[in-house]
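What follows draws every value from the coordinates through simple rules; no lab data is involved. Being a predicted model, the structure only gives us computed values, none of them experimental. Note that we place each Cβ from the backbone using ideal geometry, even for glycine, and neighbour counts take in every protein chain shown.
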Amino acid sequence: MPVKILNVSRHRCSLGEGIYYSARYNSVFWVDIKQQLLYRMDYASRAVTSIPMPEQIGWVKETRSGRFIVGLQSGIYWLNDDLSCGECCLLLSEEPAGNRLNDAKTDQAGRLYFGSMDDSETAPCGSLYQLANLNENPTLHKVDSGYVVSNGPAFNLAGDRLYSVSSATRTIYAFTVDGHGQLSHKRQHIVLPEHHGYPDGITVDSHDNLWVACWQGHGLCYFDPAGKLIERIVLPAPQITNVTFGGPEYSTLLVTTACIGMDDDALNRYPLAGSVFELDVGVTGVPEPRVKDN
């Protein structure tokens, strides 16, 4: 597959993550977890702004009412109109003190699924949660556990399969999802070989293929619905963290990267590490549903 790098946003992130495209605002959002920053790029003007957060930030999502929420270390918070951090809508009081939130995705019913992880990346104390609604009495369920680093998740086009990533074990699991959002039949779907790195963020395209950001893998892998590797795409950065489709036609693949832990020699060899890449990969994606909040 011919791949063209369309643009590179050179706002070097220590740990870029959580990339999200809002069609309503024609903007791309991403985060720098370690620098506690939320980024927004206006897709038309290319203007980029950064907004400081009070804690490590894992992701940003849009709700059906047009507001935004973020996953911070202690829980989920509303953003104010200027995108500054606002009121807390859900504290994760049962999470271990050394954990943080890491990645999230919304299903077709507006339920939010998000993972937690051990910030030191050593203990299997991370979990996968489902937030069924985001109102005065949010309903939170723990649906899986035992992750060192929980990543993904993502849904197939039919919405009856959820993919969840255990980065430390190089494993992408698949769950069956019923009409009420209940998960069952957890099974090993893909195990990434060592030379491809560690699976990180994931997304699904309009053909139901799964795109995987490969940490320490210098690129992306994408797989058919059966889990067979279609192709690997090499990028000029070693630590690829997350991926989604965006732009008005969802024809651009948006990719975050990181430069954390890289020494001066590595940064000289990979000057684009930590940047956000915009790629033309010849396929389109689908919009991510907005979180139900009414």
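Taking 0.36 nm per residue of separation and subtracting the Cα-Cα distance, what length does fully extending residue 145 through residue 65 add?
On the way: separation 80, 0.36 × 80 = 28.80 nm, distance 3.08 nm.
Roughly 25.7 nm would be gained on extension.
Of 205, 144, 265, which has the largest mean-square fluctuation in a 10 Å C-alpha GNM of the chain?
Of 205, 144, 265, the most mobile in the Gaussian network model is 265.
Within the chain, how many lysine pairs that are 8 or more places apart, or on different chains, have C-alpha atoms less than 22 Å apart?
11
Select from 137, 3, 241 the residue farthest towards the positive end of the dipole of the chain; place +1 on Cβ of Lys and Arg, -1 on Cβ of Asp and Glu, and compute about the Cα centre.
Checked the options; the winner is 3.
At most 12 other Cβ atoms within 10 Å and a DSSP loop assignment: could you name the GluC sites (Glu not before Pro) in region 192-273 that fit? The partial results should precede the final answer.
Values: sites: 194, 231, 249; in loops: 249.
Within region 192-273, the qualifying GluC sites (Glu not before Pro) (loop, at most 12 other Cβ atoms within 10 Å) are 249.
Test of understanding: ordering 139, 256 by Cβ neighbours within 10 Å, fewest first, what list do you get?
Working: 139 12, 256 29.
Final ranking by Cβ density, sparse to dense: 139, 256.
Filter the trypsin sites (Lys or Arg not before Pro) in region 1-82 down to the DSSP loop ones having no more than 13 other Cβ atoms within 10 Å, then list what survives. If you can, show how the numbers build up before the last one.
Working: sites: 4, 10, 12, 24, 34, 40, 46, 61, 64, 67; in loops: 10, 12, 24, 34, 46, 64, 67.
The qualifying sites are 10, 24, 46.
So what is the relative contact order for region 185-228, in percent, with contacts set as C-alpha pairs under 8 Å and at least six apart?
Answer for region 185-228 is 31 percent.
Tell me the trypsin sites (Lys or Arg not before Pro) within region 193-294 that lie in a loop according to DSSP and have at most 11 other beta-carbon atoms within 10 Å.
Working: sites: 228, 232, 269, 290, 292; in loops: 228, 290, 292.
Sites meeting the loop and neighbour criteria: 228.
Listing 53, 117 from the residue with the fewest other Cβ atoms within 10 Å to the one with the most, what is the order? List each step's numbers first, then the result.
Working: 53 23, 117 27.
With the sparsest Cβ surroundings first, the list reads 53, 117.
What 222 nm value per residue comes from the helices of the chain, counting each DSSP H run with n ≥ 4 as -39,500 (n - 2.57) and dividing by all residues, nearest 500 deg cm²/dmol? Before the final figure, lay out the partial values.
Values: 1 runs with 6 residues, N = 294.
Rounded to the nearest 500, the figure is -500 deg cm²/dmol.
So for the chain, averaging the separation of alpha carbon pairs under 8 Å that are six or more residues apart and normalising by length, what relative contact order in percent results? Each step should come with its number before you reach the end.
On the way: 846 pairs, mean separation 55.3, N = 294.
In percent, rounded to a whole number, it is 19.
Separation between the residue 294 and residue 34 pseudo-spin-labels, each 7 Å from Cα along Cα→Cβ, expressed in nm?
4.1 nm
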